[in-house]
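A.B. asks: Pasting a structure here, questions to come.
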Amino acid sequence: MFKKDFTYFENSDIVYLDNAATTQKPKTVVASQVEYYEKYCANTHRSNFGDANKATQKFENARKILKNFINAKKTEEIIFTKGVTESMNFIANSYAKDFKTVIISSLEHHSNIVPWHMQGRSLGKGLEVVNCNNNLDFDIEDFERLLQENPKSFVSVTHISNAFGKIHDIKEIITLAHKYKAVVMIDGAQSLAHTRVDMQELDVDFFAISGHKTYAPTGVGAIYIKEKYLKDVEIYQTGGATIDQVDFNSSTLLDAPYKFEAGTQNIAGIIGFGEALEYLNHVGYENIELIEKDVFNYLDEELKKLPNIIFYNDIKDSIGSRSFNFKGLIHDDVGILVDKMKIALRVGHHCAQPIMKALNIKGTIRVSISFYNDYNDVDKLIVALKKALKMLEN
Amino acid sequence: MSIEQRVENIKEDLEFFEDELQKYEYIIDLGKKLEKLDEKYQIPVNLVHGCTSQVWLICEQVDNKLIFKGTSDAIIVKGLVYMILQIFSDSSIEELKEIDMDIVHELNLSEIITPNRQSGVIGMIKKIKEYALKA
């Protein structure tokens, strides 16, 4: 029922089931991009003429919208970035690099693994990984053991696994981590598209947010930094709009958030991000959660009817992504064929190679839904999968 | 038959199918014709780089010609391997040394193979050329 809000679905007959990679953009978001470029294209936070002031006001309004959306205390706690990858790398390098130990989960995306390798960390040498069971559940006891052995660590854990849709109980993880004086960053790349997150309720220290996976344009995201850490996070790049005073000997920086946002920002993208969040407010998380749960359950029921299907987790405590394989088949073969039947999904390791290796697989077929997907999309997927399986049978 | 003539033959076969799925059915059937590659050859040194699926390619020299054998763990890719072997196997070393063509473009494979998988086909051709240059 919400497809009408997206021009993409007017122009395409693709069954779009790759929402964990990126979501389609609502008409209001696309309109905001056109409006900026056609009606008030100017740089922000610099010039003082009318359009520049309007652009700055719209830009800062997006920050306020995001602040309210996630219930941050102050607008300066919201730093715009290119996306979650930049957010995670930023905090890894500008804050967490001096921590003796970093603790991550087994289900992390490469963007929450490789930044730690870049610091010379490896398993058991400054990097610890919390076990999961054979249903991919986070092992909270193993986590507590690691926290006991490594108090005052930096914990960096995903909220919702991009590869398997598994939801981590981040409230429990954050509370336990704080008990052992750890600082916590949450990879929220998949979060805002599916569920409300509240910075006060979570009491999280850093929260990385994706714009483009949350119905906003690509190339925009944010990092929430709890106020008490703003002075301790080092700047990671400098340039225009971060500076208070400069001479050839030294420079002084502006306060947060501006000191972290060097150079001309993705102005249109950030304004569009604000529009996307307004759109989600309009749809409402009650509706989003209700529809997605219903379609996700239907998807699971229908997939289970297919022969030789292999799942890696049940759908309890999961949302968005359902990952699977078919016994004896390579995921790539299925992906190629359903693509030709106009089904957009993703096959591969989903930038989560360590968990794939732990499961002894090269990758999966991943179907990831949004609230604009419906039973009809699932039915078309199933027809395509059946046809592909038929073609691939020996 | 020259490599160019063989490319033309395969191209003609593929162009026969207007429907993309039928084209894939044909490619899958080609894969079934592929001679089995002994598992002892399915080792890292014989892997082709650039493929999203695993492709192994080995080579045997008979007089001044190279005979290639290969396989893949993916069914559709097996069909692509068959086509590549049809084009290049049993060609002279001199001819193989001179391979300099965009096979994906020549066969119009770009319409049916995604960019990621095209790099796998290019990887196969590079490996064939490497074998020829070393022979």
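The values are calculated or read from the model by the stated rules, or taken from the named source; none is laboratory data. Quantities reported herein were computed from a predicted structural model and do not represent experimental measurements. For neighbour counting, all protein chains shown are included, and Cβ atoms are generated from backbone atoms with ideal geometry for every residue, glycine included.
A.B. asks: Could you check the stretch A:281-394 for helices (runs of 4 or more DSSP H) lying wholly inside it with 2 or more residues that are free of Cβ contacts under 8 Å to residues at least 24 places away in the same chain and within 30 Å of residue A:67 (Cα to Cα)?
C.D. replies: Here the list reads A:285-304.
A.B. asks: Collect the residues in the stretch A:365-394 that are within 14 Å of chain B (Cβ to nearest Cβ) and touching a His at 6+ places or on another chain (Cβ under 9 Å), keeping them in residue-number order.
C.D. replies: If the condition is that a residue be within 14 Å of chain B (Cβ to nearest Cβ) and touching a His at 6+ places or on another chain (Cβ under 9 Å), then A:365 is the only one that fits.
A.B. asks: Does any residue of the stretch A:33-53 turn out to be buried (at least 17 other Cβ atoms within 10 Å of the Cβ) and within 30 Å of residue A:378 (Cβ to Cβ)?
C.D. replies: Taking every residue of the stretch A:33-53 in turn, none turns out to be buried (at least 17 other Cβ atoms within 10 Å of the Cβ) and within 30 Å of residue A:378 (Cβ to Cβ).
A.B. asks: Would you be able to say whether some residue in the stretch A:264-275 is in contact with a helix residue (DSSP H, G or I) (Cβ under 6 Å, 6 or more places away or on another chain) and free of Cβ contacts under 8 Å to residues at least 24 places away in the same chain?
C.D. replies: Scanning the stretch A:264-275, I find no residue that is in contact with a helix residue (DSSP H, G or I) (Cβ under 6 Å, 6 or more places away or on another chain) and free of Cβ contacts under 8 Å to residues at least 24 places away in the same chain, so the answer is no.
A.B. asks: Report yes if some residue within the stretch B:31-47 is surrounded by 12 or more Cβ atoms within 10 Å (Cβ to Cβ), touching a residue at least 60 places away in the same chain (Cβ under 8 Å) and of a type outside the set (Gly, Ala, Ser); otherwise report no.
C.D. replies: no
A.B. asks: Could you pull out the residue among A:171, A:97, A:58, A:67 that is of a type in the set (D, E, K, R) and in contact (Cβ under 8 Å) with a residue 60 or more places away in the chain?
C.D. replies: One residue alone meets the criteria, A:58.
A.B. asks: A further question follows. Counting only residues that are away from chain A (no Cβ under 12 Å) and under 15 Å from the mean Cα position of the chain (by Cα), give me the helices (runs of 4 or more DSSP H) lying completely in the stretch B:1-104 with at least 3 of them.
C.D. replies: B:3-15, B:75-88
A.B. asks: Also, quick follow-up: In a loop (DSSP other than H, G, I, E, B) and assigned by TED's automatic domain parsing to the domain that holds residue A:60, is that true of residue A:256?
C.D. replies: When the stated conditions are applied, residue A:256 passes them.
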